[in-house]
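Inspection log for the structure reproduced underneath, given as structure tokens.
The values are calculated or read from the model by the stated rules, or taken from the named source; none is laboratory data. Keep in mind the model is a prediction, meaning the values are calculated, not measured. Because the Cβ atoms are built from the backbone with ideal geometry, glycine has one as well, and the counts that use them run over all protein chains shown.
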Amino acid sequence: MGAEVWLVVAGLMMAAWMYSRWRHSYWSSRGVPTPPFLPFLGHMHKQISLFQFRWDYIDEVYYKNGGSKYCGLYELFRPVLMIGDPDLLKNIFVKDFDHFVDRRRIL
């Protein structure tokens with residue numbers, strides 16, 4: 001393989017890395033605390049792990065953030081807001097439900 005091919009491969013890898021960093025900057029640009037994540041996978045690497053249940057990981061994230069009112073997670077490139085405060089959750093479900101129209105389907 002020539003040097004041109006290696007330069008193209010390196011350029012594509014750098015572009016993919018920059019795209020991943022850009023997609024995973026959603027919460028930090030809004031000032032929402034976010035635990036460390038892996039590029040391209042976000043926080044999914046622990047949620048699909050065979051060694052830890054998903055709800056155990058959610059508990060771990062909640063307590064690592066000091067039991068904060070909310071924190072941001074990424075499921076691959078999708079930003080997900082995790083609410084940890086019951087009063088804030090009540091406000092969202094009862095008073096502000098019409099502002100959250102972008103819900104996902106749970107199968």
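Taking the criterion of being at pLDDT 80 or above and in contact with a Lys or Arg (Cβ under 6 Å, 6 or more places away or on another chain), would at least one residue in region 38-61 satisfy it?
First pass over region 38-61, keeping only residues at pLDDT 80 or above: 39.
In the following step, the residues that additionally are in contact with a Lys or Arg (Cβ under 6 Å, 6 or more places away or on another chain) were identified as none.
No, region 38-61 has no match at all.
Take region 13-29 and flag every residue that is touching a residue at least 40 places away in the same chain (Cβ under 8 Å) and assigned to a loop (DSSP other than H, G, I, E, B).
His24
For Ala10, are the conditions met, namely being modelled with pLDDT of 90 or more, assigned to a helix (DSSP H, G or I), more than 30 Å from Cys71 (Cβ to Cβ) and not acidic (Asp, Glu)? Walk me through how you get there before you give the answer.
Numbers: modelled with pLDDT of 90 or more: yes; assigned to a helix (DSSP H, G or I): yes; more than 30 Å from Cys71 (Cβ to Cβ): yes; not acidic (Asp, Glu): yes.
Answer is yes for this residue.
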